[in-house]
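Here the structure comes first, spelled out in C-alpha cells, and everything after it is commentary.
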Amino acid sequence: MFCKQFEKEVWDYLDGRVDGFSAHLKECSRCRDTLDKAEKLVNLLKGGAAPVPSDTYRDSFWPRLKEKISAQDDHRHSFSILKLKPLYYAAMGTAAASLILWLSIRTPDSPIFMASSTDSPNYIMAPAARQVEYGSPEINYISGPVGKREDTTNYILPGTTTEGSNSWAV
C-alpha cells in the first residue's frame, strides 16, 4: 500500500509537501529507486542541459522511424474492411435473392404457419384449426365462451372473417 501511495506522491515528497515516507524508504528498495530516478530527473531539468544523443543514434533515427511507420502500415492493412466488402456484398445479395424467391413462390392465400389438429393441455391453443365447410353440422355458432373447455370445440364466433365461407373452425 505504501509503495503505490509513494509512487503517486513522489513529486510532492520531493517538494516537501508530504511527510511520513521516511520509515518506508528505509525498508523498501523499490521506492528508494523510484525516489533516486525522480531526483535525477529533477536535477537534470534544473541544470537545463538535456542529454545529447550520440551521432550514431541521431544518424539512424530517420531510417528507424520510417521502418516503424511502414511496419505499422503493413500491420494495419493486413486486416482491412476493404477485403471484407466482396464477402459482405455476396452475403447481402444471397439474402435478398432468397427473400425475393420466397416471396415469389408463396401465394397470397398460402398460410405462413400451418395449423394441425392435436391434443394440447393449453386451453387457448388446444382446439387446433381444421378446415370445415360452411353450414357443416359440426359447426356451432356462439357469441362467446360458454361452459367448460370440453364444450368449446368446433365453434366459430360470429363476426369473424371465417364466418360464412370455407372456414377454419376451432
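Among the residues of segment 89-99, are any loosely packed, with under 10 Cβ neighbours inside 10 Å, at pLDDT below 90 and in a helix (DSSP H, G or I)?
No: segment 89-99 contains no residue that is loosely packed, with under 10 Cβ neighbours inside 10 Å, at pLDDT below 90 and in a helix (DSSP H, G or I).
Here are some conditions: (1) modelled with pLDDT of 80 or more; (2) exposed (fewer than 10 other Cβ atoms within 10 Å of the Cβ); (3) small (Gly, Ala, Ser). ALA50 meets all but one. Which one does it not meet?
(1)
Can you pull out every residue in segment 1-47 that is in a helix (DSSP H, G or I), of a type in the set (Val, Ile, Thr) and either without any contact (Cβ under 8 Å) to a residue 12 or more places away in the chain or surrounded by 14 or more Cβ atoms within 10 Å (Cβ to Cβ) (or both)?
VAL10, THR34 - these are the residues of segment 1-47 that are in a helix (DSSP H, G or I), of a type in the set (Val, Ile, Thr) and either without any contact (Cβ under 8 Å) to a residue 12 or more places away in the chain or surrounded by 14 or more Cβ atoms within 10 Å (Cβ to Cβ) (or both).
The values are calculated or read from the model by the stated rules, or taken from the named source; none is laboratory data. Small disclaimer: the values here were computed from a predicted structure and weren't measured. Backbone-built Cβ (ideal geometry, glycine too); neighbour counts: all protein chains shown.
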